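Since every read-out is calculated from the coordinates, none of them should be taken as a lab result. Keep in mind that this is a model prediction, so the values were computed, not measured. Counting neighbours? That spans all protein chains shown, and the Cβs are built from the backbone with ideal geometry, glycine included.
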Amino acid sequence: MKYDFDKIVNRKHTNAMKVDGWRNYLFPNNPDIKIDYNNDDLVKMWIADMDFETAPEIIEDLHQRVDHGIFGYTKIFDSDYYQVFNEWCARNYDIVYDKKWITTSPGIVPAITNLISIITKPDEKVVICTPSYAPFANATKLNNRELVCVPLIKGEKRMEMDFNKLTEIFKDEKVKLFIFCNPYNPNGIKWNEKEITKLGELIKENDMWIISDEIHCDLYRKGINHNPSIHFIKDYKKLIVCHSVSKTFNLAGALISHIIIQDEEVKNKFELTKPGNENIFSLVACQSAYSNGQRWVNELRAYLDENFKYLKEFLDNNLPLTNFEIPDATYLAWVDFSAYVPKDVDLTQWFLQECGILLESGSQFVANGEGYVRLNLACPKAILEKTMNRIYQKLK
Ligand SMILES: Cc1ncc(COP(=O)(O)O)c(C=O)c1O
């Protein structure tokens, strides 16, 4: 390996949410929660950013831009910017987006929040599957739109979308938007061609909008490829796709993502209501990532695969009543600990107070996550080992 993913980097005093922001984020009603560990000794396996330094090529390009010394108002004028993004998309998911559809946003969550207000009216409804990444629900509520939740159901091999329920719900003419997480957070499912095609047919039949959040699409296990929604929901202007370097390259703090909006009117409205211009450093980081970051991502994926293998073996050997399958994608492990932990407790609080582990429990994912916790495996293996040993000591 060219890159060192074992390196442990101290994130203290860097304004990192993961290290210093957990009290208010995870315990908004009890930020002063008492714990027997000091902050340095907590293992932080929660929020979805990585404990790895980003690719050194990106760091080098940022240094060079800093050395230029002028940081004035910035927008994208260089067509190379779109070209490297499209080269990445072509190489990794066999897509080239029309340049005129591509716009930027400081993040996918702010983009979705803004898009809901543009494409739906106040009395219209938004559909998500559950368990769900909570900001989809928050963005809907913030816009005062009604949220309709459709739980994933147990399929033969993994959880599946409940197409019977979706068919019924989509018939409601007030239902105007489906937010689709592809691949899925929190359980890392890769949706197959049949599922996305079927979903697309239902969406088209009911003349609905679909936002396909593909933020995790660069982080599949080795040998598994992304199924982009646009491959199976073709020629449909009401499909909006979201991409980002934030998960892939650990650049969430750079606040940049790419939103693919085919409908010209909606794209224009989106741009008019976007906060400000581009951030100079984000553009550099993003362009560098897509042009120079392929090898780093390939190695990252191999490292994550090993972390998942370790976790699976550890659980099978030591805590066999847990329920866990290595996900197709993401660096997030969705583990059912219900056989080992007390019922009716807040598991985020329980794992923090009992084990000194910061993680997000199923209750943070809108619904249908009881007994589950989400562990972030994008960390040096030594940290993952420490986490699992602490959990084992408590649960054995
Ligand atoms: C599915 C999904 N969408 C969006 C985000 C956050 O996107 P952003 O930071 O660009 O707002 C996350 C972060 O965990 C995520 O898992």
Notebook entry, point to check: At q = 0.19 Å⁻¹, what is the log10 ratio I(q)/I(0) for region 70-292, with the Debye formula run over Cα points and no solvent?
Noted result: -1.61
Notebook entry, point to check: How big is the C-alpha Rg of region 178-250 next to the rule-of-thumb value 2.2 N^0.38 Å, as a ratio?
Noted result: 1.09
Item checked: As computed over the chain, the Cα convex hull volume per residue (Å³) -> 148 Å³
Note to self: Kirkwood Rh over alpha-carbon pairs of region 274-342, then Stokes-Einstein at 4 °C and 1.567 mPa s: what D in µm² s⁻¹, rounded to an integer?
What the structure shows: 85 µm²/s
Next item on the list: Just grab the label-to-label distance for Q64 and K381, each label 7 Å out from Cα along the Cβ direction, in nm (one decimal).
Entry: 3.4 nm
Check: Once all Cα-Cα distances of region 231-308 are split into 10 Å bins that start at 0, what whole-number percent is in each one?
Finding: 15, 36, 33, 15, 2
Checklist line | Long-range lysine pairs (8 or more apart or interchain), region 215-314, Cα under 25 Å | finding: 15
Check: How about K174: which aspartates and glutamates have a C-alpha closer than 20 Å to its C-alpha, ignoring those fewer than 8 places off in the same chain?
Finding: D123, E124, E146, D162, E201, E205, D207
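Using Stokes-Einstein with the Kirkwood hydrodynamic radius over Cα pairs, what translational diffusion coefficient do you get for region 21-123 at 20 °C and a viscosity of 1.002 mPa s, in µm²/s rounded to a whole number? Numbers along the way, then the final one.
Numbers: Rh = 19.0 Å.
D = 113 µm²/s.
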Check: Tell me, how many Å apart are the Cα centres for region 172-193 and for region 257-271?
Finding: 20 Å
Note to self: Please arrange W22, W350 by how many other C-beta atoms lie within 10 Å of their C-beta, fewest to most.
What the structure shows: W350, W22
Notebook entry, point to check: Taking the simple approach of a point 7 Å from Cα along Cα-to-Cβ for both K309 and R23, what is their distance in nm?
Noted result: 4.1 nm
Margin query: Based on C-alpha coordinates, I'd like the Rg and Dmax of region 330-396, in Å.
Written below: 11.5, 32
Margin query: Using a 7 Å offset from the Cα along the Cα-to-Cβ direction at both N277 and V345, what is the distance between the two label points in nm, to one decimal?
Written below: 5.4 nm
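Using Cβ contacts closer than 10 Å as the measure, can you line up I391, I118, I203 from fewest to most?
On the way: I391 29, I118 19, I203 22.
Least to most surrounded, the residues fall as I118, I203, I391.
Which net charge results for the neighbourhood of H216, defined as the other residues with beta-carbon distances under 11 angstrom from its beta-carbon, given Lys and Arg at +1 and Asp and Glu at -1? Working shown, then result.
Details: positive: K190, K247; negative: D213, E214, D218, D328.
Net of charged neighbours comes to -2.
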Notebook entry, point to check: Extension gain R390-K157, at 0.36 nm per residue separation less the Cα-Cα distance, in nm?
Noted result: 80.8 nm
Item checked: Cβ-Cβ FRET estimate between D32 and K141, R0 fixed at 22 Å, reported to 0.05 -> 0.25
